[in-house]
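The values are calculated or read from the model by the stated rules, or taken from the named source; none is laboratory data. Predicted model, so just to flag it, every value in this text is computed and none were measured. Cβ coordinates were reconstructed from backbone atoms using ideal geometry, including for glycine residues, and neighbour counts include every protein chain displayed. For accessibility, only protein heavy atoms count, side chains too; no ligands or nucleic acids. Shrake-Rupley method; radii C 1.70, N 1.55, O 1.52, S 1.80 Å.
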Amino acid sequence: MTEHGKRTILDRRSVLKGGAFALAAATAGISIFTPRISKADPAKVVIKYDWLMSNGQIGDIVAVKQGLFQAEDLEVEFSPGGPNSATVPPVVTGQAQLGQFSDSAQLLLARASGVPIKIFACGFRMAPFAFYSLPKSPIRTVQDLVGKRIGIQPTARYVLDAILLKNNIDPASLTITNIGFDITPLTTGQVDAVTGWITNTQALSVIGPDRIDLMMKDTGLPSYANVYFATDDALENHADTLAKVLRAIARGWAWTHQHPDEAVKLAVEAYPQLDLAVELKTVSRILSLSFDAATGRDGWGDFDPAAIAEQITVYDKIGQFKSGAPKLEDCYSTKILEMTAADRPKIA
């Protein structure tokens, strides 16, 4: 399985790692934006990602390769994450000007722990997380989970708990087994379903063509993925720069939508560890996560605060917020979306 396939929606330890230090640094008045040397010099912006650069960042990569950041007078550097990489501290200490979480729940947990960051755009309309089953024991709806054996990674267990709570399903009605990132428990019949990321085409191929997918969005639990965030200070005092970044990235995703195969080739050229054949098979799935009826109406990157409010309510009920649930208004800002409303592509 690829490293990308080993990512879980949320690892509480990775979010909390460095949290107290990050908060102290942020409140110490550290400047988070690199000043220009002269008016002729582009502004330097570092984007800290939660994971390795992969197909989920294809539009961002295209924005670099097509000179879209340069057109906004920005010099942008990507700072990839990984298994042992902390996403929050570089943003709150000024090493990076904004970040991207794999899932919106990470932002909610960080905010609940006192870190002054907010969501300002969402790249994926839904989390790529899904339950995978086979026709001999199909799981097509949430109610089909009842009586089944579910294999799930320990760090993703909270997702299952939230889904069951949302749908009034007793956890005791399932047999829940902790598994790693090996899909073979499904193919060998040890469990009726396994969980993972739908974008991991290569790993999922071992299940075969009869695979049945139950996407997280179809369970009734709202979620956003590839969530762009910045500090409260950045959103207040450096909104113009964040708007330039989002405008360029949005246009990169529009170009990707119009030229998917060419976009894949640009991404593989920039990151040769990506497999061209695999990514060509995956790009349509990526675009289905990035564009829907809402983006056709409101533009790429938009999100619904009501969905975030619902997440807070559900995760609070299952005890995710050890220090109390965060306030909704502290978790997001629509300021950058409003500033870029005319420029973000409206593509369904």
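Considering only segment 96-105, I want to know if a residue exists there that is surrounded by fewer than 23 Cβ atoms within 10 Å (Cβ to Cβ) and of a type outside the set (Gly, Ala, Ser).
No, that holds for no residue.
If a residue must be without any contact (Cβ under 8 Å) to a residue 24 or more places away in the chain and of a type in the set (A, V, I, L, M, F, W, C), how many such residues does segment 297-325 contain?
Total satisfying the criteria: 2.
One line per residue, one yes/no per condition, for (1) without any contact (Cβ under 8 Å) to a residue 60 or more places away in the chain; (2) open to solvent by 60 Å² or more (accessible area, probe 1.4 Å):
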site: 206; (1), (2): yes, yes
site: 217; (1), (2): no, yes
site: 226; (1), (2): no, no
site: 232; (1), (2): no, no
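Search segment 326-338 for residues that are touching a residue at least 24 places away in the same chain (Cβ under 8 Å) and open to solvent by 60 Å² or more (accessible area, probe 1.4 Å) and pair each with any residue that is in a helix (DSSP H, G or I) and among the aliphatic types (A, V, I, L, M) when their beta-carbon atoms are under 7 Å apart and the residues are at least 6 apart or on different chains.
335/235; 335/239
Take the residues in segment 251-283 that are under 17 Å from residue 67 (Cα atoms) and among the acidic types (Asp, Glu); name whichever of them is most open to solvent (accessible area, probe 1.4 Å).
269
This table checks each residue for (1) surrounded by fewer than 19 Cβ atoms within 10 Å (Cβ to Cβ); (2) not small (Gly, Ala, Ser).
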{"site": "285", "(1), (2)": "yes, yes"}
{"site": "298", "(1), (2)": "yes, yes"}
{"site": "301", "(1), (2)": "no, no"}
{"site": "305", "(1), (2)": "yes, yes"}
{"site": "311", "(1), (2)": "no, yes"}
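Which ranges mark the helices (runs of 4 or more DSSP H) fully within segment 185-267 that have 3 or more residues being at pLDDT 95 or above?
232-237, 239-258
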